Structures are given as C-alpha cells and as structure tokens.
C-alpha cells in the first residue's frame, strides 16, 4: 500500500522544504526584459511562466510582489521574453539578484542586447528565441476567499518572434537543439532539455 504524506497548505507542509515547486517541475523560465518609463532597462527571470494560448500567441509570467518587471510592463505596455539556454544559465542567474530599480541588469550580468522591432525593451542577443509582447492583462491574484495577494500575473500577446535559423531543421523548430534549461525545485535545481530525453506519443484519433 502507498504511504501518503498529506497536508493542508494553509497549515504547513511539515517537510524540510516546500515540495510544491519541485512537484510542478520542471517549469520553463520567463526571462523577461522590460524598460521603465524613464528608460532604465530591466531583465529578470520568473519560474511561474508559460505559453497559455496559440492564436493569438499569449504568454504569462507571475511575480511574487509587484517587482520592476510588472511595474514596467504595466507602465509601458510591453515586454520581451527571452529563451534561457544552458550557455546563458549563469548570466540568467545573475539577473535574479535583488537590486535597485535603477540598476540595468543587462549591464550587471554582462549581457549583450539587440533592439526589438515592435516594442521598446531590448532582447538578449545570445538567446536563440525571443518574443516581443504587448501587455493584454495585468491581474492581481486572489485566494479562495477573494483576498488580494501581492502576486501579479502579466499576460502578453507575442506580436513579433525572433528564431535563430540554426534552431530549425526543414522548417521545424528543434526544441532540444538550443539546450534550453528549466526550473526545478529547491533553492537551486535546474534541468537541461536534451535530445536523449525525447520520446514521441501521438494523440488518439
């Protein structure tokens, strides 16, 4: 018989570390670049991130606290998502530092930038994929009792997408080729997506 560990989140998990983000894992990383109203660049990673719609393409990231990325996206109406690869892992991690809002994380982490075509924020030059996004919604999350949380969901429509052609084979994007990384659990667990982890399973017809 299975020995279940059951807990009510409101009462605590009774484990050495909260298992939630290790269970719902690995998660894609929202490496979000924004610019403030006064022109200061910001770049920060979010592990609460995903693609949430095909047409139009919508992506969303959620921030614990109304951090610079949220404030900038709401003030200017746009942001860029940049794919994090294994080669960019350390630089991505450097941009997670808690620094003042007037600090340019591109400069802080030594990251080269390229201008976007349709939105104001720069994109990460070495990232093989970037989505230029227009903000569609900023939602303050709530508990089941409808109590407002200091947790902010930003949804954006991708209006321009940059793909390094080296990631394509016969016009098909090869997910593992970029060696993207994803967030695991614990204080510092990450996973790399590799070709040897691939398996295929078609939907029933």
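The values are calculated or read from the model by the stated rules, or taken from the named source; none is laboratory data. As the structure is a prediction and not an experimental result, all values here were calculated from the model. Positions of Cβ are generated from backbone atoms using ideal geometry, with glycine treated the same way; all protein chains shown enter the neighbour counts.
Cβ-Cβ distances below 8 Å connect the following pairs, each with a first residue in the range 185-205 that is assigned to a loop (DSSP other than H, G, I, E, B), a second residue that is surrounded by fewer than 11 Cβ atoms within 10 Å (Cβ to Cβ) and at pLDDT below 95, and a separation of six or more residues or different chains: 185/23.
Only residues that are farther than 22 Å from residue 26 by Cβ and modelled with pLDDT under 95 were counted in the range 158-192, giving 0.
Within the range 117-148, being outside any strand (DSSP E or B), crowded, with 20+ Cβ neighbours inside 10 Å and free of Cβ contacts under 8 Å to residues at least 60 places away in the same chain holds for 119, 128. Restricting the range 174-184 to residues that are in contact (Cβ under 8 Å) with a residue 60 or more places away in the chain and part of a loop (DSSP other than H, G, I, E, B), which is surrounded by the fewest Cβ atoms within 10 Å (Cβ to Cβ)? Ranking the qualifying residues of the range 174-184, first place goes to 184.
Residues are listed down the side, and each one gets a yes or a no for (1) modelled with pLDDT of 95 or more; (2) surrounded by fewer than 20 Cβ atoms within 10 Å (Cβ to Cβ); (3) on the phi < 0 side of the Ramachandran plot; (4) in contact with a helix residue (DSSP H, G or I) (Cβ under 8 Å, 6 or more places away or on another chain):
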{"position": "23", "(1), (2), (3), (4)": "no, yes, yes, no"}
{"position": "30", "(1), (2), (3), (4)": "yes, no, yes, no"}
{"position": "36", "(1), (2), (3), (4)": "yes, yes, yes, yes"}
{"position": "56", "(1), (2), (3), (4)": "yes, yes, yes, no"}
{"position": "71", "(1), (2), (3), (4)": "yes, yes, yes, no"}
{"position": "77", "(1), (2), (3), (4)": "yes, yes, no, no"}
